[in-house]
1. Please list, ordered by chain and number, the residues whose modelled amide H lies under 5 Å from the amide H of Met221; skip anything fewer than 5 residues away on the same chain.
2. If each Cα of segment 329-375 is one equal point scatterer, what is log10 of I(q)/I(0) from the Debye formula at q = 0.15, 0.22, 0.30 Å⁻¹?
3. Starting from the amide H of Leu271, placed 1.01 Å from N in the peptide plane, find each other amide H under 5 Å away whose residue is 5 or more places distant or on another chain.
4. I'd like the distance separating the alpha-carbon centroids of segment 225-276 and segment 337-355, in whole Å.
5. What three numbers, in Å, describe the spread of the alpha carbons of the chain along their principal axes, ordered from the longest?
6. Rounded to the nearest 500, what is the 222 nm mean residue ellipticity of the chain from helices alone, with -39500 (n - 2.57) per DSSP H run of 4+ residues and division by all residues?
7. What list do you get for Lys170, Lys284, Lys155, Lys258 if you sort them by fewest beta carbons within 10 Å?
8. Compute the acute angle (0 to 90°) between the alpha-carbon long axis of helix 175-184 and the principal axis of greatest extent of the alpha-carbon atoms of the chain; round to the nearest 10°.
Amino acid sequence: MRHTVAFSRVTSDDIDGAVREAVRLSGGLEHLISASSRVLVKPNLWGAQPSGTGSTTDTRVTEAVTRLVLEHGPRRVVIGEGCGAGYDGFSHSTEEAFRVSGLGEVAERLGVELRNLNSDSYSEVVIPDALVMDRVRIAKTALESDVIISVPVLKTHIRTHVTLSLKNMKGVIPGEEKRKTHRLGLDQAIADLNRVVCPHFVVLDAIMGMQGLWSYPDDCMPVGLIGAGVNAPAVDIAGAALMGIDPNLVLHLRYVAKRQGMVADIRSVHLVGEPIDAHQRRFKTGFDVFSERFPGVTVIRGESACTGCTSELVTALRYLDEAGYSPELDGLHVVIGEVEHVDPAPRLALLGKCTRNHADLGVHAAGCPPREEEVIRVLCEACGADVVKVLDARDRARKQLWESTRKELLS
Ligand code: SF4
């Protein structure tokens, strides 16, 4: 079965009209929302950013979605978000993000509650058949909602390639759990989380997207569309394709799609409304950003190279760099994904199950994806770095982050 995803074009700044059109074309909200429904509208407000830059969901889109929800007369509507790990612990807060984005005024105007999910109460939920995270604490507001509408913005992400409706659900877990997902393996943890809190409907803000390192205004990507659909992975597949990214290389998308009997491929989505081909842009991916940051490292990528190995590679390189080994990284060759042939190189690391046929050519990290420590170990071995020193640098960085968070929480 192909799930429907609709796109509409925003013309003359009529965001409300475009949201209504995309929602209508994708089947509407009538079958989801009744008079007894408790609805959570969940934008992506990862930090205190002005609306309309592509960094966070455009507040006008969240407003249009909330208006539409209210017209269906539900029992309760909450706009909820908990900013990224570190927020509500350091000097920033989700409340500040609400204010800066203008969402505070919107909630007041519409008469709905705006809730900081980082200060909500939580319940621990067991995740059946988990990939890496068998339990997680989730905000009660999300657990007690009958309908969750994810309203992400169209963006790339250095570790997961894309951040769309599935990754947007990280906002319903507390900061400590958000950090845990990075430790466990971000893509797998996102897939696990969506097993217990998957959105019931998605409205994708693709008016202004953001790529690469998210530096405003250089990385803004105007697209001018609104997307919508009932099936979250299907909307994310379409969103990835709109950014010129192969959805099948986004590991969390591949996992969630597979679990739902789908393939993370644009051909498995029934697209209606505005044709996305006419609006497709080539967004800079995590790979592109990574090459800019580590120009001395050559990455040989096979077609199957996905975010699992990419994210572990990005993390490991960061810790090698922090431990003072950036000169040693020059001349390092890393292979990820399935490749037919690998030229021998003096400093060669091969990551993951995909490269196992060439394992004897260099230092190989097994796994799919390999564990963080294993990737650090093989990179250290390939470039002559001291693994203990690098793991120390990693632990120090994590401890520092944890201590500042704790201090702030206690103050
Ligand atoms: S081995 Fe790495 S690149 Fe290959 S599928 Fe697994 S995570 Fe992706």
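Computed from the coordinates by the stated procedures, all read-outs in this text should not be read as laboratory data. Source: prediction; values computed, not measured. Note that each Cβ is placed from the backbone with ideal geometry, even for glycine, and that neighbours are counted across all protein chains shown.
1. Those qualifying (amide H under 5 Å, at least 5 residues apart or on another chain) are Gly209, Met210, Gln211.
2. -0.32, -0.69, -1.16
3. When sequence neighbours closer than 5 places are left aside, the close amide H contacts are Val5.
4. Using only Cα atoms, the two centres lie 29 Å from each other.
5. 65, 52, 42
6. Details: 14 runs with 149 residues, N = 411.
One gets -11000 deg cm²/dmol as the mean residue ellipticity at 222 nm.
7. Lys258, Lys284, Lys170, Lys155
8. Once rounded, one gets 40 degrees.
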